[in-house]
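Contents: one structure, followed by commentary.
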Ligand code: GLA
């Protein structure tokens, strides 16, 4: 388990710290304090280009080597950033063509980080030079355990740029994809408003125009821009693999925050790292969903520094952020809670952003482990020290343990871009909110979830949820059919299969290529404005605990062999199916033609649990989040109290508390923001039979704990 901080040695030299005589003397004080807090890794250098190469071709890595030597001698390992997120001013002055251009054709100027266009050949050349020089100078350092490529790739809305060099790359990308101009015109549907072209070079970039560009063109533009960023990171990854083959590479991703394909990006990295922006205002199920999504980006060929199977959190906020309107302090115990939430969902490295609040620059009032004065007498330092010591004691048991899920939710960036950037039947329909309804229901019932692209092998999942796959490629539909054919349970929804990968609507009925799978056809769909509702009437067998509404979107379904689970209660489609189930091969394809309130999704999960033989990890009060890591028959449970008040739990089997080393049974009061890390009697570990939830399952009453 790696535990550490993001450190900027360049912020802590004279005149900001140290003395004229000993300008770097603060570094040693920092190392001492880090050691006391249990830190065993730091990330450094991701914005250091301007100091590494103050003038073109004049490199100076000595200062960083001195810092690395100090850390290395103290036994602290190092992740080094390649510094390409912050090109030096001299480079932009010499080559202004590297600067990104926005959709209006306005140049974004130098003077901050991310002032580059990833299509710029000049920028690629300079990037290669600095990466080669860096790897040559510091890549063999014994304390180096990973590279972070660039920083916050695509951040500050730099996923796309509209430079002339981008235009050339765009045309080359289109040519590689479509090969002939005729195919380009046909596939993109350029007969619409007759925007056909006679050569690839005439294809516009989607710059500011009187109205929305052709959706098919927009989709390709997003794919092209994503490919550009992935290619830029791959270029650095390939170089580093060649120059320092034993050092894995990563990048700090934010949970689907930026417009590039995060699965593709994870594919060129050895392991995924994330920036966690958990703040006190975010709901636990939303945070958990982000973490599970990030863990799911890379399921194979993971190469972390210590061989663990998980992901890293390379920037976990140590306190308040600086970008909210009001940047409130993070309450005591909350950073610890968030850290355990990350660890419980698979993190095998956690580093806090940042070690000390900088005295200079844009981020000086960001929460840090230390504040400006550098004293360890801070709330954050005390809390992080506690976590550091706890994680050190947990490390042996966590080593090699992974999160496993029987359930998966599909997500595709194509679909996300389609719903965000092209005209939609209901602009209030939000893809991510729709996904969250399913995720929250599973999360709150303590059922572990993976995310996946529709093209992945889904065969290991008992249930696959596919919320609103509005844009669905023919090949993806085939894979979903295969999954069901072989015995899987697929749950799809309204707003599925409206267009294919070329953004063409089907002439064979909705959902395209899948009317046979669901045994129905969607004849019309009725988008509802906010506040308007239909109601659902359920047939026997579905455990509806409330009156469930249909909101935002109502599919008008013509059944073609499917079983009807629910019908609409009003409007001209009253009595028509709203929810159906169809036997297909050895599996079942469930279709829910509308959107409901959260309570419906809880009932849906209850129903599916019964028909798919799915068990929750533990039964605990709703406000307690449960997750599990497992290895070789050992199950390690994490119970997190997200509330500001204590929760009483009841355990019907003796449990072992890893943090105190004690065993207990019966009732346990989990304090506000408290954390429990447990397993069942450790001396003779008897893994429960497959599918049987541990501990609390022996409860005479369904609830293992009641407040
Ligand atoms: C990102 C960056 C950091 C810092 C934080 C602030 O995560 O990587 O350098 O700017 O944002 O939120």
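The residue that is nearest to residue 241 (Cα to Cα), among those in segment 253-271 that are out of contact with any strand residue (DSSP E or B) (no Cβ under 9 Å at 6 or more places or on another chain), part of a loop (DSSP other than H, G, I, E, B) and away from the ligand (no atom under 16 Å from the Cβ), is 261.
For every residue, the table says whether it meets (1) crowded, with 23+ Cβ neighbours inside 10 Å; (2) farther than 24 Å from residue 457 by Cβ.
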position	(1), (2)
269	yes, no
291	yes, no
294	yes, no
315	yes, yes
320	no, yes
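Selection over segment 173-213 of residues that are under 18 Å from residue 501 (Cα atoms) and in contact (Cβ under 8 Å) with a residue 40 or more places away in the chain gives a count of 6. For segment 363-387, the candidate set comprises residues that are without any contact (Cβ under 8 Å) to a residue 24 or more places away in the chain and either within 16 Å of the ligand (Cβ to nearest atom) or not in a helix (DSSP H, G or I) (or both); within that set, the residue that is surrounded by the most Cβ atoms within 10 Å (Cβ to Cβ) is 378.
Selection of segment 276-315 for residues being assigned to a strand (DSSP E or B) and modelled with pLDDT of 95 or more yields 311, 312, 313, 314, 315.
Flag: residue 428 does not match the condition of being under 20 Å from the mean Cα position of the chain (by Cα) and touching a residue at least 40 places away in the same chain (Cβ under 8 Å). Considering the conditions (1) within 16 Å of the ligand (Cβ to nearest atom); (2) part of a loop (DSSP other than H, G, I, E, B); (3) under 24 Å from residue 250 (Cβ atoms), residue 350 is excluded by exactly one of them, (2).
To keep it simple, each residue is scored yes or no on (1) more than 19 Å from residue 426 (Cβ to Cβ); (2) without any contact (Cβ under 8 Å) to a residue 12 or more places away in the chain; (3) out of contact with any strand residue (DSSP E or B) (no Cβ under 9 Å at 6 or more places or on another chain).
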| site | (1), (2), (3) |
| --- | --- |
| 540 | yes, yes, yes |
| 544 | yes, no, no |
| 554 | no, no, no |
| 568 | no, no, no |
| 577 | yes, no, no |
| 587 | yes, no, no |
| 599 | yes, no, yes |
| 618 | yes, no, no |
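Residue 337 meets all of the listed conditions (1) in contact with a helix residue (DSSP H, G or I) (Cβ under 8 Å, 6 or more places away or on another chain); (2) touching a residue at least 60 places away in the same chain (Cβ under 8 Å); (3) assigned to a helix (DSSP H, G or I); (4) under 25 Å from residue 37 (Cα atoms) but one, namely (1). Taken together, the residues in segment 245-257 that are within 18 Å of residue 312 (Cβ to Cβ) and at pLDDT 95 or above amount to 8. Scanning segment 404-425 for residues that are within 16 Å of the chain's Cα centre (by Cα), assigned to a loop (DSSP other than H, G, I, E, B) and closer than 23 Å to residue 551 by Cβ returns a single hit, 411.
Say whether the condition of being within 30 Å of residue 644 (Cα to Cα) and within 16 Å of the ligand (Cβ to nearest atom) is met by at least one residue in segment 227-237. No, segment 227-237 contains no residue that is within 30 Å of residue 644 (Cα to Cα) and within 16 Å of the ligand (Cβ to nearest atom). Among residues of segment 107-121 that are more than 16 Å from the ligand (Cβ to nearest atom), those with a Cβ under 6 angstrom from a residue that is part of a strand (DSSP E or B), sequence gap 6+ or separate chain, pair up as 107/101. Against the list (1) away from the ligand (no atom under 16 Å from the Cβ); (2) under 24 Å from residue 371 (Cβ atoms); (3) part of a helix (DSSP H, G or I), the condition residue 332 fails is (3). If the condition is being touching a helix residue (DSSP H, G or I) at 6+ places or on another chain (Cβ under 8 Å) and surrounded by 23 or more Cβ atoms within 10 Å (Cβ to Cβ), then segment 92-114 contributes only 98.
Kindly establish whether residue 304 is touching a strand residue (DSSP E or B) at 6+ places or on another chain (Cβ under 9 Å) and without any contact (Cβ under 8 Å) to a residue 12 or more places away in the chain. Answer is no for this residue. Here 324, 399 are screened, and the one residue that is surrounded by fewer than 23 Cβ atoms within 10 Å (Cβ to Cβ), more than 15 Å from the ligand (Cβ to nearest atom) and in contact (Cβ under 8 Å) with a residue 12 or more places away in the chain is 399. For segment 34-48, the condition holds for at least one residue, the condition being that it is over 26 Å from the mean Cα position of the chain (by Cα), buried (at least 20 other Cβ atoms within 10 Å of the Cβ), closer than 30 Å to residue 339 by Cα and free of Cβ contacts under 8 Å to residues at least 40 places away in the same chain.
Residues that are within 30 Å of residue 137 (Cβ to Cβ) and in contact with a strand residue (DSSP E or B) (Cβ under 8 Å, 6 or more places away or on another chain) number at least 3 in the following helices (runs of 4 or more DSSP H) confined to segment 150-252: 215-243. Of all the criteria given as (1) assigned to a strand (DSSP E or B); (2) touching a residue at least 24 places away in the same chain (Cβ under 8 Å), the one not satisfied by residue 581 is (2). Scanning segment 484-494 for residues that are surrounded by fewer than 24 Cβ atoms within 10 Å (Cβ to Cβ) and part of a helix (DSSP H, G or I) returns a single hit, 485.
The values are calculated or read from the model by the stated rules, or taken from the named source; none is laboratory data. This is a predicted model, so every value here is computed, not measured. When we count neighbours, we look across all protein chains shown, and the Cβ atoms used for this are built from the backbone with ideal geometry, even at glycine.
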